[in-house]
Amino acid sequence: MKRTLRKLSTIVLVLTFVMSLLPVATFAAEEETQTLFNNYSETRFDFDDPALNDPALQGQKAVETAYFRTDNMTPSGATCSFASVTEDGVSALKFTKSGSGKANSMINFGLNADAGSATGRYKKKLDVAFSTKLTADPGGRWGYYLRSYGISEGRVLGLDGQYITFFENPVFPLTYNQWIDIEFSVDVDLRCGIIKVRNSAIGSETGEPGPWQSFAGCFDKLFSSATGATAYEHFYQNGFLTIGGMTSTFDFFLTDYMQNLRTADEALTPSLETLSDDFASFPAANSTSAIYDSQTAWNTSNIGGTKATTASVSEGRLTLTTTQDSGTSYPGLIKTPFYAAPNLRHHMKFRMSAPAIGNISRFSVTLTSNQNGLADGSRTPEFIKIGSDGSGSYIQVASEKNYVAYDPYDMFDCEFVYDAKEQVAKISVLDAEGNQYIGDAASLATTGGASWDILRGILFQNQATATGTTYFYLEDFYWNLLSRESVATETTVASFEIDGEDTASLDETIMVDCGQTLDYAQAVETAEVTVLKNGTLPVDTAYTLAAEGSVLTVTFADLEPATNYTILVSGISTLAGDIEPDLAQTFFTTYEVGISATTPVLDGDAVTATIRSGYREGKQVLLITTLYNEEGALIDVKISDLTQASTREGELFTVELGDAEYSSAKAYIWSGFNDMNPYHDVTSFAS
């Protein structure tokens with residue numbers, strides 16, 4: 001029977017994004033998902049106000065701290081107009097562009113829009129929802145933009161061509177003359193956003209909406225440049241806009257426009273699942289993708305020395321083969337998906353090989369500075385280094401150097417968590433025996449006063465000094481993002497899980513699966529176990545803690561039989577640093593006895609008793625028989641040691657007396673010679 005954890009603290013569900021539904025889409029997500037779009041407290045426009053048709057008002061409507069404004073901007077050989085209309089049974093804003101000339105126009109929902117200066121008030125988190133319909137392709141870059149002081153407008157949402165785009169990445173087919181519901185959130189601090197899109201119920205034949213399709217993306221293409229992606233720090237206006245001029249005739253309808261400004265740090269967590277690689281095939285080097293605007297495949301590099309390097313895949317393993325003649329070379333595997341990765345916690349897992357004798361295996365990340373919007377990967381801090389020096393072979397994790405023995409090409413299970421927002425990293429390396437080596441890297445903002453917090457990519461290297469042909473192996477590469485919310489956990493009772501029992505053993509083990517890899521030593525040090533007897537009474541009882549993978553085990557030594565226990569486990573620290581103050585609890589009732597024994601019986605030349613045990617791992621039991629002569633003097637002692645009594649059904653325990661001559665005998669069943677705790681009354685026999 002499996003017992004499932006009951007959470008003591010509230011788990012806030014966040015968006016979990018899965019595979020893309022379009023070949024060229026951004027990180028795709030679940031069709032139905034909980035979002036932040038549930039509290040439009042600041043702004044809602046349904047466009048049923050006739051004043052929108054009054055040119056004297058210039059289309060402005062004050063709503064609390066926000067305002068709505070329409071602006072034709074610079075028509076050239078074209079006519080643009082705005083009106084409040086009823087379209088397909090709903091009140092809507094209608095924007096019409098006619099004529100073949102170019103025209104720029106804007107529908108501004110700016111907040112603090114008069115703050116377009118260096119001293120203005122700016123915003124960083126925005127939620128938007130609306131329904132819209134286009135009658136034709138605008139013939140220009142029509143969409144939803146954010147305006148930042150000192151930087152030209154950046155398009156978040158594209159509404160032209162064949163697809164709706166999010167940060168210039170196609171996410172949903174754009175069907176003209178059909179209403180579409182759109183919701184999106186943007187977080188400037190995190191440099192990422194999420195979006196939900198569906199065919200609307202408005203104007204549909206069935207009156208029902210289509211399923212939501214959800215996606216996420218980062219700021220890489222917000223301004224179609226690396227500088228824009230890294231330097232964008234705020235916005236002060238937001239709304240629909242065209243840059244470059246629309247050349248077609250079309251109508252744009254908008255209704256149920258809502259927006260939130262958020263100040264709380266609710267986390268948007270897009271998915272980077274498409275960066276993972278099972279190496280079923282070799283990804284082409286130097287490739288680019290519409291998703292990230294940079295290299296999503298692996299690129300090989302050679303630096304220094306005389307060598308030749310090739311990369312190949314076979315049976316889920318990428319092999320970097322290096323031929324070295326002299327000197328030192330640094331052949332590497334590079335993946336650079338971003339100009340500016342989402343400012344969240346990045347989580348990578350992979351298996352990398354130990355080097356050949358004389359070589360060094362390395363794992364590094366490529367960081368850049370946001371100072372002046374530089375996009376070059378100017379810094380590559382090293383987090384895993386496996387090699388040897390004059391003191392022997394070692395595994396170095398961040399700054400922690402551990403001298404350990406390994407064979408060339410042994411595989412190590414590695415895990416890397418980089419918090420781009422806090423600029424800290426934690427690394428775990430497991431050797432073949434399961435020993436864990438942990439390293440921490442504190443603030444990386446140490447060079448030239450720049451803030452080295454922007455992650456661009458990663459680098460594996462096989463530093464080669466050995467002559468001849470050597471190899472570097474990489475397997476099971478995974479890259480995604482971690483939420484800042486508490487992780488889901490599950491607790492099982494070993495007897496129920498392994499033996500199918502309904503009652504727990506007195507030396508029971510419970511297993512708390514935290515869903516994330518643990519820092520073994522820290523988890524054991526920080527975990528707190530509270531034992532409640534019969535639901536409310538705290539009791540002291542001996543237990544031991546151990547950690548492996550994502551599981552913390554709590555093993556008890558000697559619980560009481562036939563007792564209801566509640567076990568609370570708190571304060572577990574994962575590799576990602578997540579600690580829940582009230583993490584897990586489980587309930588069980590222990591087996592009805594600890595050790596029980598039937599009355600010993602003299603059966604010919606042997607003494608027997610049946611032993612039942614409530615201990616899964618066993619308990620020492622001694623059956624001792626003492627023999628006496630006619631005067632009552634002790635003449636012999638016979639002992640049988642059942643060192644692992646662990647059978648609930650009962651096990652026959654026998655002491656052979658052989659051909660001993662005696663007048664009387666006594667049988668004792670004890671726990672051992674040290675404590676001599678009796679499990680049965682003394683039994684006497686006559687010969």
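The values are calculated or read from the model by the stated rules, or taken from the named source; none is laboratory data. The structure presented is a predicted model; accordingly, all values stated were derived computationally and were not measured. Ideal geometry is used to build each Cβ from the backbone, glycine not excepted, and the neighbour counts take in all protein chains shown. Areas reflect the complete protein model, heavy atoms only, side chains present, ligands, DNA and RNA absent. Shrake-Rupley method; radii C 1.70, N 1.55, O 1.52, S 1.80 Å.
General remarks:
- Each Lys and Arg contributes +1 and each Asp and Glu -1, all at the Cβ; summed about the Cα centre of the range 550-687, the dipole is approximately 300 debye.
- Each Cα pair under 8 Å and six or more residues apart adds its separation to the average, and for the range 632-687 the resulting relative contact order is 28 percent.
- Heavy-atom accessible area per residue - the range 618-678, 1.4 Å, Å²: 56
- Linear extension gain, Ser301 paired with Ala83, 0.36 nm per residue minus alpha-carbon span: 72.6 nm
- Accessible area of the range 508-661 belonging to carbon and sulfur atoms, whole % at 1.4 Å probe: 48
- Summed side-chain charge close to Ala542 - residues other than Ala542 whose Cβ falls under 11 Å, Lys, Arg +1, Asp, Glu -1: -3
- Summed residue charge, Cβ within 9 Å of Thr555's Cβ, Lys/Arg positive, Asp/Glu negative: -3
- For the range 122-207, the share of accessible area belonging to carbon and sulfur comes to 44 percent (1.4 Å probe, ligands and nucleic acids excluded).
- Zone of Glu560's modelled label, taken as backbone nitrogen in the range 589-614 under 12 Å from a point 7 Å along Cα→Cβ: 590
- The fraction of all Cα pairs in the range 591-680 landing in successive 10 Å bins from 0 to the largest distance is 17, 48, 26, 8, 1, given as whole percents.
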